[in-house]
Amino acid sequence: MGQLIDGVWNTAWYEPDEKGAFKRPKTQFRSRVTKDGSSGFAPEAGRYHLYVSYACPWAHRVLITRAERGLEDVIGVTVVDPKMGDDGWPFSANDPDPLGGRFLRDVYVRANPKYTGRVTVPVFWDNKTSTIVNNESRELMRILDTEFAHLAKTPGTLAPKELVPRIDEVLDAIYEPINNGVYRAGFATKQEAYESACNELFTALDHWDGVLGKQRYLAGSVFTEADVAMFTTLLRFDVVYYAHFKCNKRRIQDYPNLGGYLRDVYQRPAVKKTCHLDQIKLHYYWSQIAVNPHRIVPVGPSLDYLELPHGRG
């Protein structure tokens, strides 16, 4: 997992802080597509292209939003190879970059030849202006859901206006201890930093298990962006984070409510077709040699339980 410095590739891994804690760099491309085009980026079919990884929970959020809203024919997608080595995310022969790049970093340099920072997915590319519009998953969920609504085949919304304050509150609440918390535990380089992250993670999971004992979804009775953001972390938990990141107090399937909730969301047709568990496991265990230096990919665990009745009606 390298980075670009003034447009030049560097293979350095993340630098922890003095306490051995992982600090996630902020995304840098934060422009918006607006329905009226006032931002300079108007929603148009075929204009934009997504670069994603099936393995990455942040990119998976945007893939689910695209599928749930029926935008597959409006916004194209290129999926990077799950094996991320010293050169960062590579493109595969089966799904090449339509603009001819070998690595995802080529897309970033194409947008800014002097870019300095991490090269991450998702990337929302504008073919008209030849730049990256946005690479922040939380913002892209909202952009696709609301600004592309008139182009969506599926009616409805993942951000009902009356629930937006609650959705945003939940997104804030789950980000640091859960979505980013698994990485804070897995990438910690000192015992205290690891234990702090892990304890915060399970305190938060226990809390939301309690919430889901009283309502079907995180923001109430309807499926929203908050559930998309929680789901992509929970899906990876038992197969990767439990062992690879040492988040092993409990599995998600051991929780009375989170386990059924995970199955409930997974079994939504639009969600299920975006889930590639083989690529998830391969990416984490093969790519993150700072955590797994021999790149041994485990044969288990079985996730057959995802197909069991969820009981969340």
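The values are calculated or read from the model by the stated rules, or taken from the named source; none is laboratory data. Everything quoted here is computed from the prediction, not taken from an experiment. Backbone-built Cβ (ideal geometry, glycine too); neighbour counts: all protein chains shown.
The table below lists the values:
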| read-out | value |
| --- | --- |
| Those strands (runs of 3 or more DSSP E) lying entirely in region 1-58 with at least 2 residues in the same structural domain as residue 136 (by TED's automatic domain parsing) and out of contact with any Gly (no Cβ under 8 Å at 6 or more places or on another chain) | 48-52 |
| Pair list, Cβ under 9 Å, 6 or more apart: region 108-119 residue free of Cβ contacts under 8 Å to residues at least 24 places away in the same chain, other residue assigned to a loop (DSSP other than H, G, I, E, B) and small (Gly, Ala, Ser) | 110/101; 110/130 |
| Unmet requirement for residue 281, which otherwise passes all of (1) more than 16 Å from residue 182 (Cβ to Cβ); (2) buried (at least 20 other Cβ atoms within 10 Å of the Cβ); (3) of a type outside the set (A, V, I, L, M); (4) not assigned by TED's automatic domain parsing to the domain that holds residue 194 | (1) |
| Flag if residue 55 is surrounded by 15 or more Cβ atoms within 10 Å (Cβ to Cβ) and under 17 Å from the mean Cα position of the chain (by Cα) | yes |
| Residues of region 88-98 satisfying the condition of being part of a loop (DSSP other than H, G, I, E, B) and surrounded by 15 or more Cβ atoms within 10 Å (Cβ to Cβ) | 89, 91, 97 |
| Qualifying positions in region 81-100 - over 21 Å from the mean Cα position of the chain (by Cα) and on the phi > 0 side of the Ramachandran plot | 100 |
| When residues of region 1-55 are limited to those that are hydroxyl-bearing (Ser, Thr, Tyr) and in contact with an Asp or Glu (Cβ under 7 Å, 6 or more places away or on another chain), the one farthest from residue 125 (Cα to Cα) | 11 |
| Checklist (1) in contact (Cβ under 8 Å) with a residue 24 or more places away in the chain; (2) more than 14 Å from residue 140 (Cβ to Cβ); (3) not small (Gly, Ala, Ser) applied to residue 10, failing item | (1) |
